[in-house]
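Following: one structure in structure tokens, then a few remarks.
Every read-out reported here was derived from the displayed coordinates using simple, explicitly stated rules and does not represent laboratory data. For clarity, every value in this text was computed on a predicted model and none was experimentally measured. Ideal geometry is used to build each Cβ from the backbone, glycine not excepted, and the neighbour counts take in all protein chains shown.
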Amino acid sequence: MQLDQTRIAIRERRLGEILGLALQVTRAGAGWLVLLWLLGVTGFALFNGWLLRETLVDELLFEEVPVGYWVLMLILVAIEAPFATAPLSLYLGKMMFNSDFRFRAMLVELIRSMPQLVLYQGILRTLTMPFLLLPYWMMPYVGELILLERNPMFRGKQNRLTTNRRSRNLHSNNGGELFGRWLLAMATSIVLILAIGFGIEVLLMQLTSWEVSSTVQHLVIYPFALWLVVGWMAVVRFLSYLDLRIRREGWEVELAMRAEAQRLRGNIAPVI
Amino acid sequence: MFEKNRQIDSHIRVVTPENIGFEYRVASPFERLLAFLVDAIIMLSVVGVAGLVAMFVFGLFGVLGMGIGVAMVSWFLVTWFYGGVFETLWNGQTPGKRSLRLRVLRTDGSPIDAGQAVLRNFLRIVDSQPFNTYLTGLLSTAVTRRYQRLGDLACGTMVVAEDRSRAVRFNEINDVLLTPVDNMLPPGALPSRTLAKAISQYVDRRRYFGPARRAEIARHVGEVFAEQYNLPPSVDHDALLCVLYRRTFLTSRDDEETVLESGSHPTLAPEAFREFELPA
């Protein structure tokens, strides 16, 4: 593995550029990304549909837009998204350095990271969610830290850097920028969900002359669009995490230095 | 396994027939959407004002229908020709694109002509399908390397971002005392081409890092260099890389150096603690 020969070019980027690059990354890794997205999302999507179906049917009797149903759906998806997209993050971590991706190895890594994912992304984030969605814009990359950097939960005898400390190091002093990016990403997601949902609806009606019922619209089409965007946002989040590391920690410089140190030691051939 | 033939990047390189290479950053569809929103606001304003004036003037003469007709004609003209006219007159830019520093170019990097400007804007109607959701355009930009929508593909154009990058200049290093380390290093000790590039990258960014982070990054190469040239293990790796940078890129070594704070040893590395761990 040559550390400076990355699959995705490392440079500082603005959010607009990152969003576009996420399209390219999705295209380049489409096979695995779609498979892992399906694996991660299907269970949660079916569970949500089963859980909220009655609420939807009841609301549609009296309301045209089932607001309560969608509030519950969005809360559920917000809680589930880090778990559903964890395999995507692991894949992207491998893709970055052109490393071999093995499904079994990914599963092992996922299971190893699960206690921290449950603690930070499940319990703590859900508990703090009511406070202005703080964890989403204050510490957006905790998932990537847990999955890709694999810091321990506790210091231990070796006095290692914990995930909590690492997260504070990475996220602190960037609150304003992270909030701005989070707002823009949210706005983009909402526009995309509506566009995809409406587009699918129109296509179904135009191509099959099938009148889409409100139940299908809210139970199938828009949740599908929502999960699709959640998956794509995992790619955006991964690229944004890299970008933050580049700007804050000079990650690209460190990779170049480590690669040169390897060359000096004669481990890898020089790049001419 | 991954397809290893091409690095994923939003920068593309265009080589002219004169064998001159340019690097462009292709504008993402989301940046283009913002530019389009600016243009849409301008178009709506123009059409709104023109329509109101027409209806008011014709209404005074008792032919309000004529005013509505003029408003509709202005709507047609503005929505269909706004982009084409501006991109022709402003060399590939509309007000929205100019405000976001975007420009339409041919895929070979040369300016577009009037035909291309008009046609790519006419084909927006196809990209906006189904029903103005622009999913066709989004899909098209997602599968092409230059983020081209169908209108761009038909006309051989692309939209690039005009990033204003700083002129490259060499970094003056005046926050660390280099002479003691320079004296320890043999005169012939110079980095390879790739290492020089990496060191240049490091020196360019080091002012944004704290002492601990500098030590963290510099130690990778610094340790190997110190071993190779028998420097003391406690040598300041940051200063060592700065010396190598100065030897490689700066001709004059007689710059005045800032005197360090009293008590600090000029050749010793700062006490570094690990602020984060790298993945295995």
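Taking only Cα atoms, what is the 0 to 90° angle, nearest 10, from helix A:67-84's long axis to the longest principal axis of chain A?
Compared with the principal axis, the helix lies near 30 degrees.
Tell me, what HN-Hα J-couplings in whole Hz come from the Karplus equation 6.51 cos²θ - 1.76 cosθ + 1.60 at θ = phi - 60° for each residue of segment B:205-211, using x for Gly and Pro?
Running phi through 6.51 cos²θ - 1.76 cosθ + 1.60 with θ = phi - 60° gives 9, 4, 5, 8, 9, x, x Hz.
What is the ratio of the Cα radius of gyration of segment A:55-115 to 2.2 N^0.38 Å, where N is its residue count, to two decimals?
That works out to 1.74 for segment A:55-115.
Order by neighbour count: A:Arg258, B:Arg149, A:Arg168, fewest other Cβ atoms within 10 Å first, most last.
Lowest to highest Cβ neighbour count: A:Arg168, A:Arg258, B:Arg149.
Each label point is 7 Å from the Cα along the Cα-to-Cβ direction; what then is the distance between the points at A:Arg104 and B:Leu190, in nm?
It works out to 5.2 nm between the two label points.
For B:Ile8, list long-range residues whose amide hydrogen, built 1.01 Å from N in the peptide plane, is under 5 Å from its own amide hydrogen.
Amide H neighbours of B:Ile8, under 5 Å, 5+ apart: A:Ile8, A:Ala9.
Once phi is turned into ³J(HN,Hα) by the Karplus curve 6.51 cos²θ - 1.76 cosθ + 1.60 with θ = phi - 60°, what whole-Hz value does each residue of segment B:123-130 show in order, with x for glycine and proline?
These are the phi-based 3J(HN,Hα) values: 6, 4, 4, 6, 5, 7, 6, x Hz.
List A:Ser209, B:Ser200, A:Ser214 from most exposed to least, where exposure is judged by having the fewest other Cβ atoms within 10 Å.
Listing A:Ser209, B:Ser200, A:Ser214 from fewest to most nearby Cβ atoms yields A:Ser209, A:Ser214, B:Ser200.
Among B:Ile12, B:Gly151, B:Ser140, whose Cα lies farthest out toward the positive end of the dipole of the protein assembly as shown, if unit charges sit on the beta carbon of Lys, Arg (+1) and Asp, Glu (-1)?
Among B:Ile12, B:Gly151, B:Ser140, the one farthest towards the positive end of the dipole of the protein assembly as shown is B:Ile12.
For segment A:102-117, in order, what is each residue's ³J(HN,Hα) by Karplus, 6.51 cos²θ - 1.76 cosθ + 1.60 with θ = phi - 60°, in whole Hz (x at glycine and Pro)?
With the stated coefficients, segment A:102-117 comes to 10, 4, 5, 4, 4, 4, 4, 4, 5, 5, 4, 7, 4, x, 6, 4 Hz.
Taking 0.36 nm per residue of sequence separation and subtracting the Cα-Cα distance, how much length would be gained by fully extending the chain between A:Arg160 and A:Leu74, in nm to one decimal?
27.3 nm
Which value in deg cm²/dmol, rounded to the nearest 500, describes the helix-derived mean residue ellipticity at 222 nm for the protein assembly as shown, given -39,500 (n - 2.57) per DSSP H run of n ≥ 4 and division by the residue count? Could you put the intermediate results ahead of the total?
Details: 22 runs with 325 residues, N = 552.
So the helix-based figure for the protein assembly as shown works out to -19000 deg cm²/dmol.
Given the Cα atoms of segment B:11-161, and with Rh set as the inverse mean 1/r over their pairs in the Kirkwood sense, what is Rg to Rh to two decimals?
The Rg/Rh ratio comes out at 1.08.
Per q in 0.06 1/Å, what log10 I(q)/I(0) does a Debye calculation on the alpha-carbon atoms of the protein assembly as shown return?
-0.39
Between B:Glu18 and A:Phe97, what FRET efficiency follows from the Cβ-Cβ distance if R0 is 45 Å, with the result rounded to 0.05?
The calculated FRET efficiency here is 0.75.
Starting from the coordinates of the alpha-carbon atoms of segment A:34-189, obtain the Kirkwood hydrodynamic radius over all distinct pairs and give the value in Å to one decimal.
Numbers: mean 1/r = 0.0572 Å⁻¹.
After inverting the pairwise mean of 1/r, the radius is 17.5 Å.
Run through segment B:86-132 and list the chymotrypsin sites (Phe, Trp or Tyr not before Pro) located in a DSSP loop whose Cβ has at most 16 other Cβ atoms within 10 Å.
Of the chymotrypsin sites (Phe, Trp or Tyr not before Pro), the ones in loops of segment B:86-132 whose Cβ has at most 16 other Cβ atoms within 10 Å are B:Trp90, B:Phe131.
May I ask for the angle, rounded to the nearest 10°, between helix A:15-28 and the longest principal axis of chain A, with both axes built from Cα atoms and the value confined to 0 to 90°?
90
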